[in-house]
Amino acid sequence: MELKEKLVSSFMAFENMVDIDSPVHDIRTEAIKTFEVEGFPTKRQEAWKYTSLNSVLKHDYSVFPKHEKALEFKDVKKYFLHEIDSYKIIFIDGKYSSHLSQTTHDGIDVCLMSSALTKPKYRLIIENYFNKIASKDGLSSLNTAFSAEGAYIHIPKNKLVEKPIQILHFSTGNESALMLQPRNLVVVDENSHVQIIERHQSLTDNPILTNSVTEIFANKRAIVDYYKIQNDRSTASLIDNTFINQKQESIAKVHTFSFGGKLTRNNLNYYQNGERIDSTMKGITIIGDKQHVDHNTLVHHIEPNCESHQDYKGIFDDSATGVFNGKVVVEKEAQKTNAFQANNNVLISDKASINTKPQLEIFADDVKCSHGCTIGQLDESAMFYLRSRGIPEKEAKALLMFAFSNNVLDSVKIPVLKNRITRIIANKLGVDIGFDL
Amino acid sequence: MLKIKNLHASVEDKAILKGIDLHVRPGEVHAIMGPNGSGKSTLASVIAGKEEYEVDEGEIILDGENIDELGPEERAHKGVFMSFQYPVEIPGVSVTNFIKTAINETRKAQGLEDMPANEMLKLIREKSELLDIDRKFLSRSLNEGFSGGEKKRNEIFQMAMLEPKLAILDETDSGLDIDALRIVANGVNKLKSEDNAVIVITHYQRLLDYIVPDFVHVLHNGRIVKTGTKDLAHELEAKGYDWVKEEVNA
């Protein structure tokens, strides 16, 4: 049976596990119908021209893991930012792990979507925010149809959340192939500030497909710093659908670090609903082998005096392929918009490739929009310079790649996270260099 | 220390060096002068091991060992240093971190442990004082936004840190005002010893007022066409290069 049919027919089984009388379930029912019509995207669709899901859809994924498996903290410690105090929302094969988590209801809610969707005290937030900005395409609808678990974060107004929140999804290989569909909701109210780190980590070589949807609401003057670490095994694929709604004077930054996984697709969508909003997306992609990373961004400038900044760096080795598709829409009312977009790439091998496409739709006349993409090789004269100082070829290459991605790394505001990413990069490049950036 | 025998080198099938012979002994300073396009910078790059240059004939021998086939980093590990005419900017890597990496990679190649942090700090302090370098300068990104003078001073600082056996200064004087020139030359002189040697590549004589050469070679059309003492440099300054060219062609 094809995955699509399997999923559609699994919906009935899913209905036995959730409260079908809740308003949320009407949304789910609607969504499964949409998925039935839309299905999975194909290369015939413009937005998927360079990314084919065929190779990841061919597995016979379990949709509901049958067994639960516990993990010991010591065995997965390295995937945590354990050097600092943080809130943690941890899932193992899609199931919440209270053992590894540290949630809170003390002034803020850092907890589970399953609670939020069922408990009366969250009803208002769910009514106001759940599935309000997620798009109605096939993949997001599929996630919506099966939405039951994930992270739920609500920061009421005037809170500076000092501890970062880590959301980690582990898959253990308990199932021969597993599909996960986490559903996250983040609501940050007026003047509040939150930092979130999200990571998906497979612990086995069994195929994993994650189709995740995250809705983020940055209300008036809120600041949201969101970091995505994508450094998974070559058998794990991720489709990340993130939707951000911003109100006036809010700042929302998403950093996406894509270092691994079989296929990674990041659909990152910003909607600016207010004035003087700052939307920032930055990314570093370093991949090799036959890995594929696709960044598909959208910034919708709806009101005047807002900014958006995009800065994506990509380094591609072996037969790796990359895609950057950055769409910026500036509505007629959105005068004085400043929109910047940069996508710089280095191809290390002759077989690696990148397709990069800026897409600007500007309907206002008093705006400043710029975009630039570059594709190049490593600078030979810089290599000679470093090597002539005694730095071997591999290390010299790594140093240049660090230099290349430096301005993205530099804007990571959590020092231990920056450190960790630096180490992942060094590891990825096979070097052990002592310079701290 | 360095023996270059009948060196022919080309880039993209274009012959640039056409038979260079040069013998540099420990403690010596050699100046290589010549008009633009004579092959001066190529000679420096070929000795340092730049891979886009093809050695077609001849050999480069360092302390009795043929280094033709070695990569630039291996030559550096053996004590070759080249100060670049156009140092490359490396954003995000500080001068300090860069030099630490260079020193420790060289030590690793020599089978030594990393230099202890306190020793490194002491060395950095000592050498930066020698070259009148501000501490703040050391935490800046390597060569990024440096003025011409700062870049050259930074090159000599790296040389001071790495203590090479053979230092090649490629047009180190270009783009320097007189004060910067004096500081750089002064640094080079303080680093001179009986055990190391310096090759100064320059178009003009003025640097040689400060770094006094034992030998001056004139490079023309890929060959050393004249060798003399420092007086030759003065003669070239006064009369230009045309008379040398004429002498060669006669």
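Bear in mind these aren't lab numbers, they're just calculated from the coordinates by the rules spelled out. Only a predicted model underlies this, so the values are computations on that prediction, with no experimental measurement involved. We place every Cβ from the backbone using ideal geometry, glycine too, and count neighbours over all the protein chains shown.
Tell me, what HN-Hα J-couplings in whole Hz come from the Karplus equation 6.51 cos²θ - 1.76 cosθ + 1.60 at θ = phi - 60° for each residue of segment A:326-333, using x for Gly and Pro?
x, 9, 10, 10, 10, 5, 4, 6
Quick query: amide H of residue A:357 versus all other amide H atoms, modeled in the peptide plane; which residues come in under 5 Å with a sequence gap of 5 or more or a different chain?
Correct list: A:324, A:325, A:326.
Return P(r) of segment A:143-188 (all Cα-Cα pairs; 10 Å bins starting at 0; whole %; ordered from short to long distances).
That works out to 20, 41, 26, 10, 2, in percent per bin.
How many nm separate the modelled label positions at residue A:333 and residue A:377, each set 7 Å beyond the Cα in the direction of the Cβ?
5.1
Could you tell me which residue out of B:33, B:81, B:99 lies farthest along the dipole of chain B toward its positive end? Charges go on the beta carbon: Lys and Arg +1, Asp and Glu -1, centred on the Cα centre.
Of B:33, B:81, B:99, it is B:99.
Set the bar at 26 Å for Cα to Cα. Now go through B:100/B:230; B:3/B:50; A:58/A:78; B:192/B:245; B:50/B:190 and name every pair that lies beyond it. Walk me through the numbers before you get to the answer.
Values: B:100/B:230 37 Å; B:3/B:50 18 Å; A:58/A:78 31 Å; B:192/B:245 33 Å; B:50/B:190 28 Å.
Distance filter (> 26 Å) returns B:100/B:230; A:58/A:78; B:192/B:245; B:50/B:190.
For all pairs of alpha-carbon atoms in segment A:1-65, what percent lies in each bin of width 5 Å, listed from the first bin to the last filled one?
That works out to 4, 14, 21, 21, 18, 12, 7, 2, 0, in percent per bin.
In which sequence would A:63, B:188 go, from the one with the fewest C-beta neighbours within 10 Å to the one with the most? Please report the intermediate quantities before stating the final value.
Numbers: A:63 19, B:188 23.
Lowest to highest Cβ neighbour count: A:63, B:188.
Classify chain A: rounded, prolate or oblate, from the alpha-carbon gyration tensor (a ≥ b ≥ c, eigenvalue square roots; a/c under 1.5 rounded; otherwise prolate if a/b is larger than b/c)?
Taking the square roots of the gyration eigenvalues as a ≥ b ≥ c, chain A is rounded.
Pick out the long, greasy-scoring helices in chain A: whole DSSP H runs spanning 20 Å or more along their own axis by Cα, mean Kyte-Doolittle at least 0.0. Let's see the in-between values first.
Working: long enough: A:23-38 (23 Å, -0.41); A:393-409 (24 Å, 0.35).
Membrane-span-like by this criterion, though nothing is claimed about a membrane: A:393-409.
Output ³J(HN,Hα) for segment A:233-245: one whole-Hz value per residue in order, computed from phi by the Karplus curve 6.51 cos²θ - 1.76 cosθ + 1.60 with θ = phi - 60°, and x for Gly and Pro.
Once rounded to whole Hz, the list reads 5, 6, 10, 10, 10, 9, 10, 9, 10, 10, 10, 10, 10.
Got a sec? How would A:215, A:127, B:113 order by Cβ neighbour count within 10 Å, fewest to most? Write out the running numbers ahead of the final one.
Working: A:215 22, A:127 11, B:113 8.
In order of increasing Cβ crowding within 10 Å: B:113, A:127, A:215.
Would you kindly derive the ³J(HN,Hα) couplings of segment A:97-105 from the backbone phi angles with the Karplus curve 6.51 cos²θ - 1.76 cosθ + 1.60 (θ = phi - 60°), listing them in order in whole Hz, with x for Gly and Pro?
10, 5, 4, 8, 8, 9, 9, 8, 10
Please report the Cα spread of segment A:171-294 along all three principal axes, rounded to whole Å, starting with the longest.
Principal-axis extents of segment A:171-294 (Cα, largest first): 47, 27, 19 Å.
Report the extension gain between residue A:55 and residue A:82 in nm, rounded to one decimal, defined as 0.36 nm multiplied by the number of residues separating them, less their alpha carbon distance. Intermediate results must be reported in sequence, preceding the final value.
Details: separation 27, 0.36 × 27 = 9.72 nm, distance 3.51 nm.
Difference between extended and current length: 6.2 nm.
To the nearest 500 deg cm²/dmol, what mean residue ellipticity at 222 nm is calculated for chain A from DSSP H runs of n ≥ 4 alone, each contributing -39,500 (n - 2.57), summed and divided by the residues? Intermediate values should be presented prior to the final figure.
Working: 10 runs with 97 residues, N = 437.
Rounded to the nearest 500, the figure is -6500 deg cm²/dmol.
Give me the dipole magnitude in Debye, nearest 20, for the protein assembly as shown about the Cα centre, with unit charges on the beta carbon: positive for Lys and Arg, negative for Asp and Glu.
Working: 83 positive and 99 negative charges, 301 e Å.
Roughly 1440 debye for the protein assembly as shown.
Which of the GluC sites (Glu not before Pro) found in segment A:1-104 are in a DSSP loop and have at most 10 neighbouring Cβ atoms, other than their own, within 10 Å?
Numbers: sites: A:2, A:5, A:15, A:30, A:36, A:38, A:46, A:68, A:72, A:83; in loops: A:2, A:68, A:72, A:83.
Taking segment A:1-104 and a limit of 10 other Cβ atoms within 10 Å, the loop GluC sites (Glu not before Pro) found are A:72.
Under 15 Å from the Cα of residue A:351, which aspartates and glutamates turn up, not counting those fewer than eight places away in the same chain?
Excluding near neighbours in sequence, the set is A:289, A:317, A:318.
Rounded, prolate or oblate: which one fits segment A:138-219, using the alpha carbon gyration tensor with axes a ≥ b ≥ c (rounded when a/c is under 1.5, else prolate when a/b beats b/c, else oblate)?
Details: a/c = 3.83, a/b = 1.84, b/c = 2.08.
It comes out oblate by the Cα gyration axes.
For segment A:110-172, what does the alpha-carbon gyration tensor say about shape, rounded, prolate or oblate, given a ≥ b ≥ c as the root eigenvalues, a/c under 1.5 as rounded, and a/b over b/c as prolate? Don't skip to the answer; put the middle values down first.
Details: a/c = 1.72, a/b = 1.26, b/c = 1.36.
Verdict is oblate for segment A:110-172.
List the relative contact order of chain B as a percent without decimals, with contacts defined as Cα pairs under 8 Å and 6+ residues apart. Don't skip to the answer; put the middle values down first.
On the way: 445 pairs, mean separation 69.0, N = 250.
Once normalised by length, the contact order is 28 percent.
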